[in-house]
Amino acid sequence: MQIDNESMDHLKQQKIKRLKRLRKKVNWEMEKERHELLDRLYLLIKNWEGHYADFLDIFRRPEIHRLLMDSIDYWGKDESDDKLIEFITFVIRTGFEDEPVIDEEGKPLLHRTTAVHVAARRRISSRMDNQEDQLDMVIDRLFLIYNKFNVNYIDERGMSHFHVACLSGCESVVEKFLELGQVLWRETGYSPLELALGKWTSNIWSHKDIFQSLLENGANPNVINREGQTPLHIIIKEILPRSRGKRFMEMIFDFCQDKYRPVQVNARNKLGWTPLHIALYNKNKKAIEFLLKNGADPNAVDNDGYTPLHTFCFLIDDVSSLKLFFEINDELQQTVQVNAVDNEGQTPLQLAVDRLFPDAVDIFLDRGSDLSNFVSPFDTLFRSILFIETSYHYKIRHASSILLIVESLERRGYHLNRNDDGHESFC
């Protein structure tokens with residue numbers, strides 16, 4: 001056994017000498033040479049046995065940080081390649097840990113790009129579940145190296161280590177940052193709350209506890225991102241359609257601090273859409289009901305002047321959501337403005353007729369739509385059916401919709417007249 005230990009120690013010393021020789025040959029300014037060094041390093045470390053070498057006996061700290069960042073860019077493109085994980089694991093086993101750089105006043109320098117940031121950027125740009133899982137594992141292990149949670153490094157894009165922990169679902173890391181108070185609630189770019197939503201992950205449920213902790217610790221549920229969207233917009237648009245996404249919508253209201261109440265449920269994004277507009281467009285009945293019962297304005301307008309009723313006119317196959325919308329507002333004793341006009345001067349009724357949505361026409365008329373300023377589009381609609389080249393089925397379906405709408409209008413007192421040119425129109 002003594003001989004085996006001596007042999008193993010001798011082999012380790014030989015490998016260390018080879019590592020030192022490799023380091024001396026590298027021009028650290030040349031990316032290609034650094035990548036070649038990584039390949040040679042991997043061959044030496046993949047079958048390493050016995051005690052691990054202290055990397056600081058071979059490389060300087062800045063060189064180790066450079067290799068960690070390079071390894072992510074070089075090996076992180078292939079989710080089937082284990083080299084990245086194996087290399088980072090080896091660095092951890094050597095005992096290497098980050099030490100903050102101190103300024104002249106004895107304070108740590110926070111503005112610094114680390115391997116954690118590099119992995120996060122690749123994580124955000126990743127579109128494959130396998131690579132997503134690999135990079136989450138990489139980030140989780142990197143926090144064993146960058147483990148000083150009283151220091152929250154920020155890169156040139158404003159992303160901090162705390163942001164990255166939220167992004168990758170590193171719950172224990174998030175809790176440590178929160179405990180030590182090293183948290184920046186930035187109002188631009190991606191907020192920690194948005195990252196914690198799991199927008200970039202296939203397993204959003206794994207982010208639930210982080211999302212709740214952020215809210216309980218003062219995260220602003222009304223903060224907007226570059227698209228002018230609040231976390232509630234994002235939940236309705238991207239999280240709700242996925243498994244168990246409804247709980248995230250509820251948590252926004254259940255766990256945010258009193259200073260942020262009431263949640264700005266009618267916040268408008270760059271298109272002027274409120275969360276309710278998005279819920280309607282996505283045909284999400286649970287979200288429609290939840291939002292209305294939590295203060296959503298049933299008459300909110302977007303940049304085109306569209307109210308929720310105007311929005312319904314673009315959802316021809318979803319009359320059940322329209323009925324639900326009116327039922328909930330009746331229950332809440334809220335007035336729905338059926339005669340609101342958009343930027344083109346169109347009421348929901350006019351738009352429903354133009355888009356040949358007979359069920360909506362019936363509902364709007366039952367709800368008191370005003371016909372006094374109604375402009376008949378039927379001459380144009382009939383001509384389009386006759387002269388536009390399209391399928392016979394399409395023409396029959398659209399002609400049937402027109403006739404159903406005509407009948408609905410006639411039942412409310414509209415009469416078909418003839419113009420001087422012999423065409424039929426309404427007045």
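Can you tell me which residue within the range 242-297, out of those that are modelled with pLDDT of 95 or more and of a type in the set (F, W, Y), is farthest from S213 (Cα to Cα)?
Going through the qualifying residues, I end up with W273.
Matching residues to (1) in contact with a Lys or Arg (Cβ under 9 Å, 6 or more places away or on another chain); (2) modelled with pLDDT under 90:
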{"position": "L144", "(1), (2)": "no, no"}
{"position": "I154", "(1), (2)": "yes, no"}
{"position": "H163", "(1), (2)": "yes, no"}
{"position": "G189", "(1), (2)": "yes, yes"}
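Output yes when any residue across the range 203-212 is modelled with pLDDT of 80 or more and not in a helix (DSSP H, G or I), and no when none is.
No, the range 203-212 contains no residue that is modelled with pLDDT of 80 or more and not in a helix (DSSP H, G or I).
Any idea which of (1) among the β-branched types (V, I, T); (2) in contact with a Lys or Arg (Cβ under 9 Å, 6 or more places away or on another chain); (3) modelled with pLDDT of 95 or more; (4) buried (at least 19 other Cβ atoms within 10 Å of the Cβ) is the one T114 doesn't satisfy?
Exception for T114: condition (2).
Of the residues that make up the range 121-131, is at least one part of a helix (DSSP H, G or I) and acidic (D, E)?
yes
Contact list please: Cβ distance under 8 Å, first residue in the range 119-132 and farther than 22 Å from F162 by Cα, second residue modelled with pLDDT of 75 or more and among the acidic types (D, E), pairs at least six apart or on different chains.
none
Between a first residue in the range 58-79 that is under 11 Å from A119 (Cα atoms) and a second residue that is in a loop (DSSP other than H, G, I, E, B) and among the aliphatic types (A, V, I, L, M), which pairs have beta carbons less than 6 Å apart while being 6 or more apart in sequence or on different chains?
Close Cβ pairs (under 6 Å, with a partner that is in a loop (DSSP other than H, G, I, E, B) and among the aliphatic types (A, V, I, L, M)) do not exist here.
Between a first residue in the range 89-117 that is among the polar types (S, T, N, Q) and a second residue that is surrounded by fewer than 16 Cβ atoms within 10 Å (Cβ to Cβ) and modelled with pLDDT under 95, which pairs have beta carbons less than 8 Å apart while being 6 or more apart in sequence or on different chains?
T94/D54; T113/E156
Taking the options L365, L291, name whichever one is assigned to a helix (DSSP H, G or I), under 25 Å from A267 (Cβ atoms) and not small (G, A, S).
Unique residue meeting the criteria: L291.
In the range 340-356, which residues are surrounded by fewer than 17 Cβ atoms within 10 Å (Cβ to Cβ), in a loop (DSSP other than H, G, I, E, B) and of a type in the set (D, E)?
Within the range 340-356, E344 is the sole residue that qualifies.
Identify all residues within the range 57-76 that are surrounded by fewer than 13 Cβ atoms within 10 Å (Cβ to Cβ) and either touching a helix residue (DSSP H, G or I) at 6+ places or on another chain (Cβ under 8 Å) or closer than 12 Å to L19 by Cβ (or both); write none if there are none.
D57
The values are calculated or read from the model by the stated rules, or taken from the named source; none is laboratory data. Predicted, not measured: the structure shown is a model, and the values here were computed from it. All Cβ positions, glycine included, derive from the backbone under ideal geometry; neighbour counts span all protein chains shown.
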